[in-house]
Amino acid sequence: MLDWEQMMEVTALVQGTRSLIERELAKAEVTVKGAADYVTNVDFAVQDYLKTELRKRFPQISMIAEEKDGQEQKKSSRYWILDPIDGTTNLIHHYQLSAVSLALYEEGTVTFGVVYNPFTEETFWAGTGCGAYLNDMPVSVSSDVALPDALVSFGSNPYDKGQAHRLFALFEKIFLKTADFRRTGSAALDICYVACGRQDAFLEWNLKPWDYAAAAVILKEAGGVITDWSHNEPEWIKNSSILAAAPGVYDELQKMIETE
């Protein structure tokens, strides 16, 4: 596990991507990977930068990253899990809800995570046993929230629209029992918003590990609950359908998912 000084060093590295993102955005190179799935020169630039800098400082830790050239041969039970830009579609549309998401996976769990939005300069970060923070301020999930008052966010899984009928039927059921819905287009930011109490829950089907790993440790350190849709610990280095919530609404939402 990283010590406090190392966590600060890695967090600063992630924050250091801001100028790189601004510079690369001016080039506006977009490639279509699949249905509603894009990659930009920004993604590759951020990934290359962090891969290089982290390898200098932590040569013994491998990396799992969204863009396939970031995959490394398994060398140990420790991995950086990186999404260079979570919310690439938002980035392309200048929506300013995108984030660099970096987690450290060790011995079957995630022990450190940082999620950085360069457009708002908000940095969410946490280490196991150290609490969760937004920039320098501790954060926690909403307390004593009841489901009828809950603000819930969701991911619509645009990469597999064949699931839309089933998923939106579930979303409708939840929407009718809660205060309102939100959708930002960035799972990492949505989970962090649950961690700091802006939202009370988030759910999405079939998320990739780099979409949720960093935000998961932030949420847990903020007092939240995160599982897959079967009430199990997420796979961390595999795809999982994710429910992230404040404890006050988790059980009821999980029951609705299970009976869907």
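The values are calculated or read from the model by the stated rules, or taken from the named source; none is laboratory data. Keep in mind the model is a prediction, meaning the values are calculated, not measured. A quick note on method: Cβ atoms are made from the backbone with ideal geometry, for glycine too, and the neighbour counts reach across all protein chains shown. All accessible areas refer to the heavy atoms of the entire protein, side chains included, with ligands and DNA or RNA removed. Shrake-Rupley method; radii C 1.70, N 1.55, O 1.52, S 1.80 Å.
Assorted remarks:
- Just one of the listed residues (VAL152, VAL145) is assigned to a loop (DSSP other than H, G, I, E, B) and open to solvent by less than 30 Å² (accessible area, probe 1.4 Å), and it is VAL145.
- Among (1) touching a Pro at 6+ places or on another chain (Cβ under 9 Å); (2) closer than 25 Å to VAL46 by Cα - the single one TRP125 does not satisfy: (1)
Listed here are the residues, each with its yes/no results for (1) acidic (Asp, Glu); (2) open to solvent by 10 Å² or more (accessible area, probe 1.4 Å); (3) at negative phi; (4) in contact with an Asp or Glu (Cβ under 8 Å, 6 or more places away or on another chain).
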residue: GLY185; (1), (2), (3), (4): no, yes, no, no
residue: LEU189; (1), (2), (3), (4): no, no, yes, yes
residue: GLY197; (1), (2), (3), (4): no, yes, no, no
residue: LEU203; (1), (2), (3), (4): no, no, yes, no
residue: TRP210; (1), (2), (3), (4): no, yes, yes, yes
residue: ALA213; (1), (2), (3), (4): no, no, yes, no
residue: LEU219; (1), (2), (3), (4): no, no, yes, no
residue: VAL225; (1), (2), (3), (4): no, yes, yes, no
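- Per the conditions (1) in contact (Cβ under 8 Å) with a residue 60 or more places away in the chain; (2) exposed (fewer than 14 other Cβ atoms within 10 Å of the Cβ), the sole criterion not satisfied by LEU134 is (2).
- Any chance GLN163 is touching a residue at least 40 places away in the same chain (Cβ under 8 Å) and outside any helix (DSSP H, G or I): no
- Considering segment 120-131, the residues that are surrounded by 14 or more Cβ atoms within 10 Å (Cβ to Cβ) and among the polar types (S, T, N, Q) include one that is farthest from LEU104 (Cα to Cα), namely THR123.
- Any helices (runs of 4 or more DSSP H) falling wholly within segment 1-84 and containing at least 2 residues that are modelled with pLDDT under 80: none
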